[in-house]
Amino acid sequence: MCQTCGCSGDGAVIAEPGHQHEHEQHEHEHGHEHGHRVSLEQDVLAKNDLLAEHNRRWLTERGVLAVNLMSSPGAGKTTLLERTAREADLPMAVIEGDQETMLDAERIKAAGAPVVQINTGAGCHLDAAMLDRAVHTVEPAPGSVLFIENVGNLVCPALFDLGEEQRVVILSVTEGQDKPRKYPHMFASADLVLLNKVDLLPYLDFDIAAFLRDARRVNPDVEVVRLSATRGTGLTDWYSWLREHRPHFAGPAHGSAGGSAGQKRR
Amino acid sequence: MHELSVTQSVVDAITERMGDATVLGVCLEIGKLSGVVPDAVRFCFDVVCTGTTLEGAWLEIDEPEGRARCRDCAAEFRLDDPIPLCPCGSANVEITAGRQLRIMSVEVN
């Protein structure tokens, strides 16, 4: 902690409600040993982004719609995928990301979809290298939808392009309406937001209008679909969205689908 | 804690580019809207450098401010908050700077 003003100096601003003030970051000079400077000027995540592009090309060449599904733990990602596997009548495959266990993969397998599990160990997100390995294990069928269920986390996965075509963020109403403001990077990067567990709305103070306003403050054009994965409410809208975004795949051998999905915004 | 993998990516990229050269220092640019916390990177840096050609290297981080342009009123303004909002009230805002996450240079013997 800074001895002058009590700020932590770690980028986190600590303030009491009604007493917010901002600290300037303190600069700390160090006695550096200097040699000669070599300019590199490269993106830190260049390697990940390159691999993500490689994944994107591989997937689009096969007419596979890759959907990166992100949310907090317990928002209903796996339940939604189970239901989608049973009901949507879409060819699909799933890559499951969790720190530990095969639990989610077993649920998806029982629902009838091909699945592989990535266990990240200490890792808090999936990256493009993990996806590359997983994609070649699950081998999604040409023309199918590949769901990538990211590690439950509203922070880190937002930063890492996997090579997906669409980013879908699930928020369950039990988490509270303020999440787009609290986790703006995640909601800013979403192509679609699914508002899940709407069957619980009568028991909660969740203000949908406020949620929509905040979601559109961080992402003005974002689509929002309301659903309940356990009760089945609103799922036809979700399935329609998937069908709309699925490439028009011509056939099993060399589909003319694909197109040039550019680098997704983060 | 994505800063650990971000820092690992920094060290991997530098060792790949610089080969066996001993790296004395590293200059990074972490934009204020990048979603990466510079001090968390500093925290990870020494640990990740251990046992590599960067062991003991100093780390300098420049934090460029966020800049944005309003699509409604065309104003250009500074933005330090990841929630983009133009002073005119519009949220229809394009972020033009501050998201960068770059290795600018290294110093070698």
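Can you find a residue in the stretch B:59-79 that is touching a residue at least 60 places away in the same chain (Cβ under 8 Å) and touching a Leu at 6+ places or on another chain (Cβ under 8 Å)? Checked the stretch B:59-79: no residue is touching a residue at least 60 places away in the same chain (Cβ under 8 Å) and touching a Leu at 6+ places or on another chain (Cβ under 8 Å). Take the residues in the stretch A:75-107 that are within 14 Å of the chain's Cα centre (by Cα) and small (G, A, S); name whichever of them is surrounded by the fewest Cβ atoms within 10 Å (Cβ to Cβ). By that ranking, first place goes to A:G76. Residues that are part of a loop (DSSP other than H, G, I, E, B) and either of a type in the set (K, R) or within 11 Å of chain A (Cβ to nearest Cβ) (or both) within the stretch B:53-85 comprise B:G56, B:A57, B:E63, B:R71, B:D72, B:D80, B:D81, B:P82, B:I83, B:P84, B:L85, listed in sequence order. With the condition kept exactly as written, say whether any residue in the stretch B:28-38 is out of contact with any His (no Cβ under 8 Å at 6 or more places or on another chain), farther than 25 Å from B:I83 by Cβ and not aromatic (F, W, Y). Within the stretch B:28-38, none of the residues are out of contact with any His (no Cβ under 8 Å at 6 or more places or on another chain), farther than 25 Å from B:I83 by Cβ and not aromatic (F, W, Y).
Residues in the stretch A:128-161 that are of a type in the set (D, E) and in contact with a Ser or Thr (Cβ under 7 Å, 6 or more places away or on another chain): 1 in all.
Taking every residue in the stretch A:238-252 that is within 15 Å of A:A66 (Cβ to Cβ) and at pLDDT 95 or above and pairing it with any residue that is surrounded by 14 or more Cβ atoms within 10 Å (Cβ to Cβ) and among the hydroxyl-bearing types (S, T, Y), at least 6 positions away or on another chain, yields no pair with a Cβ-Cβ distance below 6 Å. Scanning the stretch B:86-98 for residues that are in a loop (DSSP other than H, G, I, E, B) and more than 7 Å from every other protein chain (Cβ to nearest Cβ) yields a total of 6.
Those helices (runs of 4 or more DSSP H) of the stretch A:165-247 in which at least 3 residues are away from every other protein chain (no Cβ under 14 Å) and out of contact with any strand residue (DSSP E or B) (no Cβ under 9 Å at 6 or more places or on another chain), considering only elements entirely within it, cover A:235-245. Residue-level check: of (1) assigned to a loop (DSSP other than H, G, I, E, B); (2) surrounded by fewer than 17 Cβ atoms within 10 Å (Cβ to Cβ), B:F43 misses just (1).
The values are calculated or read from the model by the stated rules, or taken from the named source; none is laboratory data. These numbers were taken from a predicted model, which means no experiment stands behind them. Note: ideal-geometry Cβ built from the backbone for every residue, glycine included; neighbour counts use all protein chains shown.
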